Amino acid sequence: MTNPSGLPYTPAVRAGAWVVVSGQIGLEGTSLVTGGFDAELRLALVNLEARLAEHGATMADVVKTTVFLRHLNDYGRMNELYAEAFAEPRPARSAVAVSDLPLGAMVEIEAWAHTGDG
């Protein structure tokens, strides 16, 4: 997928058996989805899955994620929704609080997936 925003990055890159996905937010078209934190994280995970699929990978191939949270008090809810998206064994993960995210998003997630080929 090319980057429709024109910004100087690639949404996902394959490097041999690895697929690296840039941070995904709850973007619907050119705007954040409405509905708060849950809606944003759910759509960010859908967008992550779509970027992986563009390179022949699935959520089961993800071995590492980083979750960026605007509010650390969303950590518990993030864990609940994250557990729904990733089956056991879940990827290694870092979760950090940040002061701001693109478009004022409340959450962003990036991932590394290993497909075992390439």
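Any read-out appearing in this document is the output of simple, stated calculations on the displayed coordinates, not a laboratory observation. If you're wondering where the values come from, they're calculated on a predicted model, not measured in any experiment. Positions of Cβ are backbone-derived with ideal geometry, glycine not excepted, and every protein chain shown enters the neighbour counts.
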Counting sequence-distant residues (5 or more places) and residues on other chains, those with an amide H built under 5 Å from that of Q24 are I109, E110
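Taking only DSSP H segments of four or more residues, each worth -39500 (n - 2.57), what value at 222 nm results for the chain once the sum is divided by all its residues, to the nearest 500 deg cm²/dmol? Don't skip to the answer; put the middle values down first.
Details: 2 runs with 29 residues, N = 118.
Using -39500 (n - 2.57) per qualifying helix, the result is -8000 deg cm²/dmol.
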If I build a Gaussian network model for the chain, linking alpha-carbon pairs within less than 10 angstrom, which residue out of P91, P102, P11 has the largest mean-square fluctuation?
P102
So what are the three principal axis dimensions of the range 12-114 from its Cα atoms, in whole Å, longest to shortest?
35, 29, 22
Show me the GluC sites (Glu not before Pro) within the range 25-118 that DSSP assigns to loop and that have at most 14 other Cβ atoms within 10 Å of their Cβ.
E54
Under 5 Å between amide hydrogens, which residues at least 5 positions from T10 or on another chain qualify, with H placed 1.01 Å from N in the peptide plane?
none
Inter-label distance, nm, simple model (7 Å from Cα along the C-beta direction), V20/V63:
1.4 nm
